[in-house]
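Visitor: If you scroll down you'll find the structure; I have some questions about it.
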Amino acid sequence: MTDEWVIGIDLGTTNSEVAIYRQGRVEVIPDARGNRILPSFVGVAEDGTLLVGEEARNQYVVFPERTIRSVKRRMGETTPVTMAGQNYLPQEISAIILKRLKGMAEAHLGQAVNKAVITVPAYFSDAQRQATREAGEIAGLDVLRMINEPTAAALVYEAGRQAGKKILVYDLGGGTFDVSVVRIEEGVVEVISSHGDNHLGGDDFDEEIVNHLLEQFKERHGVDAATSPTALARLRRAAEAAKRHLSDRPYVTIAEEYLLEHKGKPLHLSLELSRDAYEEMITPYLDKTLEAVHIALNGSGLTASDVESILLVGGATRTPLVSRRLEEIFGMRPHGEVDPDLCVAMGASIQAASIQGAQVSAVLVDVTPYTFGTSAYGELDGIPSPDLFVPVILKNSPIPISKSEVFYTMVENQQLVEVQVFQGENIDALKNRLIGEFTVEGLSPAPPQSPVVLRMDLDADGVLHVSATEKKSGLSKKISISHAMERLDESEMIQARQRVASLFANEDDADEEARQEVVRARALMEKAERMLDLASPEDQEEMINHIEEIRQSLEDHEITRLKAPCEGLSEILFYLET
Ligand code: AMP
């Protein structure tokens, strides 16, 4: 590589980033404060100072007339934009963002930078591309190439690939959505078709939450908080933060003290939002994106089954519902290992390096090779079972990572929950590797279906921290599993298989009978739990006692103790059913 750097730039509607490719690795360049994401906002402060990025975004809330956001939407237009009473061409505002990114790269590298690869959306017209090139020139950058954003994303995951592959790139940012079908062949990426919506993105999700907050506030206090611009701005910020939390947790508490003063009295906002309720709010938006996916597929002459890989780009794709909905259509899990906010800039830097003749390859990220989860009651092959595997941290997630999911108690006044932690992919938890277990005892008296939050943190050293917390009381228990990333090696596997085989050789009918008894007892227990509501209070109490006894016997592997409670339970169920 020559001494002259070519930087890769993602000039986004909401955020922009700059990256370089150095010694086989991509570096996304931080600013002096360590931020790698520059909000695409430009403003002029009251004293005439130019504001770019975070400061401009903060000013936007109070002085929108002195601030410009989303100028990317205006690229290619000849009408000027107005900032603090002055007219500017969209290219000039974009150039200010580019100049800041160039400066960040220069400070990081300690030398001047004059060349760049800049990404643009696949749907950009010639005029929009020309305007972007001009913005680069105004910023003092020689734009060596402009590449499509989905192409950049494909390079991050597939650079260096020779054999052909068809890929769907799903890009959901703050204010725009695009989906593209791309083909990579002998290292060359080509966009076959593209579709999208220029006004759909994570900001719409925030707005849904804001509306919900306003409704709740009005219901509680009889006041419309939207009449106060500052209160509204605070709600927007709180909603965005809540949305991010809900990508990793099942609930979030939104609290804004002194949101408003009404008739001399301060009013506070405090409420809880569940991921379920939030997902319901955003479903219509995701439906729209999926319609666009089908249009892009039609446009490429391909069907869902032709797609070999799905790549996620844009911060809003961290919403777990996005992956779930795509998985339903394509039958495969999308890739989001590379930070979806930084992916496009990284691809631009890979392209920049290859223009300079470097041998480039796909980006490697530290990911977990296994899925981690727990067991819960559910259906396995249509049969109720306590051993359904529920994944919490998915295979190929970048580490470190933290995820939590909610589980529910089964019976009234349940006193304890047993948590088993498994590593593996099988839907039957018992076919996965049990790597840890613990019990949370002393739950507070509560009706069935009371939530318990299970949290898993996999740290950079591969240690898995697992905690279970009763939501109502905060009662919690935690374990750390240091061997979570280990797997038996081949010789251990052979030995284990031999040991199991030799045990089976000694298996006698008594064992088989005991196994059958355990299966019967489990099924009976689940049936009883399902029918608990139908029983009279006395019967309920008796049933719970039997269930507890069966559970304890199973836990202690005391098969002989199963008989009495099973018979008692069968009898009650018989009367309940007739
Ligand atoms: P981008 O335009 O690609 O930078 O994406 C920005 C959008 O992603 C904004 O709407 C963010 O609020 C959203 N976003 C960022 N992080 C998350 C997250 N963890 N979960 C959901 N949305 C997120």
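The values are calculated or read from the model by the stated rules, or taken from the named source; none is laboratory data. All values derive from a computational prediction rather than experimental measurement. When we count neighbours, we look across all protein chains shown, and the Cβ atoms used for this are built from the backbone with ideal geometry, even at glycine. Surface areas here come from the heavy atoms of the whole protein model, side chains and all, with no ligands, DNA or RNA. Shrake-Rupley method; radii C 1.70, N 1.55, O 1.52, S 1.80 Å.
Visitor: Placing +1 at every Lys and Arg Cβ and -1 at every Asp and Glu Cβ, with all other atoms neutral, what dipole size does the stretch 258-297 have around its Cα centre, in debye to the nearest 20? Kindly include the intermediate steps, with their values, before the conclusion.
Guide: Numbers: 4 positive and 7 negative charges, 61 e Å.
Computed about the Cα centre, the dipole is about 300 debye.
Visitor: Provide the FRET efficiency to the nearest 0.05 for the residue 248-residue 186 pair, computing r from the beta carbons and using R0 = 41 Å. Walk me through the numbers on the way to the answer.
Guide: On the way: r = 39 Å, r/R0 = 0.96.
Efficiency, rounded to the nearest 0.05: 0.55.
Visitor: Further question: Determine the percent antiparallel among the DSSP beta bridges restricted to the chain, to the nearest 5. Provide the component values of the computation, followed by the final result.
Guide: Working: 87 of 104 bridges.
So the antiparallel bridges in the chain amount to around 85 percent.
Visitor: Just grab the label-to-label distance for residue 33 and residue 483, each label 7 Å out from Cα along the Cβ direction, in nm (one decimal).
Guide: Placing both labels 7 Å beyond Cα along the Cβ direction yields 4.6 nm.
Visitor: Another question, if that's okay. So what is the 222 nm mean residue ellipticity for the chain from helices alone, if each DSSP H run of at least 4 adds -39500 (n - 2.57) and you divide by all residues, rounding to the nearest 500 deg cm²/dmol? Mind dumping the intermediate values first?
Guide: Numbers: 13 runs with 213 residues, N = 578.
About -12500 deg cm²/dmol.
Visitor: Ordering 207, 190, 279 from largest to smallest accessible area (1.4 angstrom probe), what's the sequence?
Guide: 190, 207, 279
Visitor: Another one. Counting pairwise Cα distances across the stretch 65-152, what percent come out greater than 17 angstrom? Walk me through the numbers on the way to the answer.
Guide: Values: 1923 of 3828 pairs.
Across the stretch 65-152, Cα pairs with separations above 17 Å total 50 percent.
Visitor: Which sequence of 551, 33, 237 reflects their accessible areas, 1.4 Å probe, from the largest down? Spell out each step's value before the answer.
Guide: Values: 551 40, 33 155, 237 125 Å².
Ranking 551, 33, 237 by accessible area, largest first, yields 33, 237, 551.
Visitor: Can you give me the solvent accessible area of residue 214 with a 1.4 Å probe, rounded to the nearest 10 Å²?
Guide: 20 Å²
Visitor: Under 11 Å from a label point 7 Å along Cα→Cβ of residue 355: give me every residue in the stretch 105-123 with its amide N that close.
Guide: Inside the label zone: 114-119.
Visitor: Would you mind calculating the relative contact order of the stretch 372-474 from Cα pairs under 8 angstrom and at least 6 residues apart, reporting the percent as a whole number?
Guide: Values: 219 pairs, mean separation 28.3, N = 103.
Reported relative contact order: 27 percent.
Visitor: I would also like to ask the following. Under a 5 Å amide H to amide H cut-off, with H placed in plane at 1.01 Å, what residues pair with residue 41 once short-range neighbours are removed?
Guide: 53
Visitor: Further, regarding this structure: With labels modelled as points extended 7 Å from the Cα through the Cβ direction, what inter-label distance (nm, one decimal) is found for residue 81 paired with residue 402?
Guide: Result for the modelled spin labels: 3.5 nm.
Visitor: Could you derive backbone 3J(HN,Hα) for the stretch 421-427 from the dihedral phi with the Karplus parameters 6.51, -1.76 and 1.60 (θ = phi - 60°), listing whole Hz in sequence and x where the residue is Gly or Pro?
Guide: Karplus-based 3J(HN,Hα) across the stretch 421-427 equals 10, 10, 10, x, 10, 6, 5 Hz.
Visitor: Same structure, new question: As an exercise, use a Förster radius of 25 Å and the Cβ-Cβ distance of residue 570 and residue 412 to find the FRET efficiency, rounded to the nearest 0.05. If you can, show how the numbers build up before the last one.
Guide: Numbers: r = 21 Å, r/R0 = 0.85.
Once the sixth-power term is evaluated, E becomes 0.75.
Visitor: Continuing with the same structure: So if R0 is 45 Å, what FRET efficiency would residue 557 and residue 277 give, r being the distance between their Cβ atoms, rounded to the nearest 0.05? Write down the numbers at each step before the final one.
Guide: Working: r = 42 Å, r/R0 = 0.93.
Once rounded, the FRET efficiency stands at 0.60.
Visitor: Choose one of 138, 552, 90: the residue whose Cα lies farthest towards the positive end of the charge dipole of the chain (beta-carbon charges +1 Lys, Arg; -1 Asp, Glu; about the Cα centre).
Guide: 138
Visitor: Okay, moving on. List every residue whose amide H lies under 5 Å from the amide H of residue 367, counting only residues 5 or more places away in sequence or on a different chain, with H placed 1.01 Å from N in the peptide plane.
Guide: Placed amide hydrogens put 399 under 5 Å from residue 367.
Visitor: Nearest 10 degrees is fine. How inclined is helix 563-577 to the longest principal axis of the chain, computing both from alpha carbons?
Guide: 70 degrees
Visitor: Give me the distance between the Cα centres of the stretch 441-489 and the stretch 150-171, rounded to whole Å.
Guide: What the calculation gives is 37 Å, centre to centre.
Visitor: Distance in nm between label sites at residue 459 and residue 536, each 7 Å beyond Cα in the beta-carbon direction?
Guide: Inter-label distance under the simple model: 5.6 nm.
Visitor: Taking amide hydrogens as modeled 1.01 Å from N in the peptide plane, which residues meet the under 5 Å criterion relative to residue 411, leaving out close sequence neighbours?
Guide: 449
Visitor: How are the C-alpha pair distances of the chain spread across 20 Å bins, as whole percents from the shortest bin up?
Guide: Spelled out bin by bin, the chain gives 17, 44, 29, 10, 0 percent.
Visitor: Send over the Kirkwood Rh of the stretch 372-474, from the inverse of the averaged 1/r over different Cα pairs, rounded to one decimal Å.
Guide: Values: mean 1/r = 0.0702 Å⁻¹.
Result for the stretch 372-474 stands at 14.2 Å.
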